[in-house]
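Down below is the structure, laid out as structure tokens.
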Amino acid sequence: MFERLRTVFTRGAGSSSGASVASATQLSQWAKGQGWAFAFQGEPAQFHLGGAVAGKPWRMESGPPARDYVQGTELRARADMRVVPEVAVMVISRALKDELEGRVYGAITEPLQTAVDDNLPQELRWLAIYEELRWPGLPASFSRLFAVVGDSVEHAQRWVNAAMVSHLLMERVPAERAQAPLLLMLADGKVSLRMETVARHLPDLQYAAALLTTAAAEAAQNLPHCTDSQPDTLPPG
């Protein structure tokens, strides 16, 4: 099912990507320059970094894919912004949405299947439950590359605002990287990011870090929050 998707996503992942692969020293110096923690986890393509945004910690890690629609290396990141759990919004790359909807349709039309399987990954369940959200002012250039799915247009507009759209549309090098699988979710009060990358590809790391921190800051500023007084903790990878 995913062969066509893989062909699209791996196209152009040659020498232009290789030119941007950073050494361990370069990655460490880059993270240090941002004021972030950084550490390798035994393999050159496996590392994590972390910092804080809007007073809350965030963590990003690079490693083997945890989803079968991601090829090569996966970047995963999370920041617990303590947004009220009722807010549920997902930004998903358009090509990935199209492919995953086929998988969802197949899952719910199998014989004896009467409901959405709770064992499906969250993003597949959301595609089965929620509609794509659109509103005036959302740029056509954005809608060609991404879709917004969720429970409420109001929540989506407040989170996927001009700052978020701008960061999502940031130029990626090479240009074909803009087609790679990307998933940005706001669920259970947490902002999470999942993205296909090339191992130690610095432009992708810069893109992902800018996107995550912007998404977390916009969630903190524009959406309602829980009022509990639990201490801040670094979210697990």
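The values are calculated or read from the model by the stated rules, or taken from the named source; none is laboratory data. Bear in mind that the values here come from a model prediction, so they are computed numbers and not experimental data. A quick note on method: Cβ atoms are made from the backbone with ideal geometry, for glycine too, and the neighbour counts reach across all protein chains shown. Keep in mind that these areas ignore ligands, DNA and RNA; they rest on the heavy atoms of the full protein, side chains included. Shrake-Rupley method; radii C 1.70, N 1.55, O 1.52, S 1.80 Å.
Descriptive notes on the structure:
- In the stretch 115-231, counting only helices (runs of 4 or more DSSP H) that sit wholly within it, the ones holding 1 or more residues that are open to solvent by less than 50 Å² (accessible area, probe 1.4 Å) and among the hydroxyl-bearing types (Ser, Thr, Tyr) span 140-145, 202-222.
- Total residues in the stretch 63-97, condition part of a helix (DSSP H, G or I) and either farther than 20 Å from residue 149 by Cβ or charged (D, E, K, R) (or both): 2
- Conditions (1) modelled with pLDDT of 95 or more; (2) open to solvent by less than 50 Å² (accessible area, probe 1.4 Å); number of the one not met by residue 9: (1)
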